[in-house]
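What follows is a short report on a single structure.
We did not get these values from a lab; they are worked out from the coordinates using the rules stated. Here the structure is a predicted model, which is why all the values come from computation and not from measurement. For neighbour counting, all protein chains shown are included, and Cβ atoms are generated from backbone atoms with ideal geometry for every residue, glycine included.
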């Protein structure tokens, strides 16, 4: 049995990834580490600070002490720190959206990043463009942030969260891939696909697929 340590910065990311593992890889041994102040501090600054990077590093070291076979970060606002860890790690370390970006690029369709947390958006856009460049794909990405949806979700109003996101993408043409920027937004995936007919990717589902393939093949 493979042990996957999940590192969280927001509680609203926990249930979506638990659900994704229960469907896609129920045999995996899942451990949750959660620092609830990380996202609060990250929202106060435009850039990732050295102090925040050190906290991310400390959580990673704790994951390794727990015997992790792989580590998955579920918050999209700490990409630079996670990249630095991954370079020197002897176990797989995944950024939240790494697997989703790969699946979106493989679709070879125009792509929109749909988010709810503005501090995370610029870093994710840059990561996607860099991934596209490395794969020789068009370096083009549209993005849309709907902060009202995040507010609704924090108040546990899932229906309003999903509707805000649906309203936000009404102007997007059908032949397109929608990437849900945050783990917490995975709850909207089914509704968005059903209502729009577009290909909608969620980070948890894609991450579980990639981790299972990496660790069991």
Quiz prompt | Per-peptide average of other Cβ atoms within 10 Å, ordering 143-152, 84-93 highest first | solution = 143-152, 84-93
Quiz item: Expressed in nm², what is the orientationally averaged projection area of the convex hull enclosing the Cα positions of the chain?
Solution: 11.4
Practice problem: Distance between Cα centroids, region 82-140 to region 1-71: provide it in whole Å. | Solution: 17
Quiz prompt | Semi-axis lengths (Å, descending) of the ellipsoid that matches the C-alpha gyration tensor of region 22-142 | solution = 24, 19, 14
Quiz prompt | Cubic angstrom per residue, convex hull over Cα atoms of region 89-129 | solution = 91
Quiz item: D for region 113-217, whole µm²/s, Stokes-Einstein with Kirkwood Rh over alpha-carbon pairs at 20 °C and 1.002 mPa s: what number?
Solution: 148
Quiz prompt | Virtual spin-label span in nm between residue 62 and residue 170, 7 Å along Cα→Cβ | solution = 4.4
Exercise. Kindly rank 128-140, 181-193, 161-173 from highest to lowest mean number of other beta carbons found within 10 Å of each residue.
Key: 181-193, 161-173, 128-140
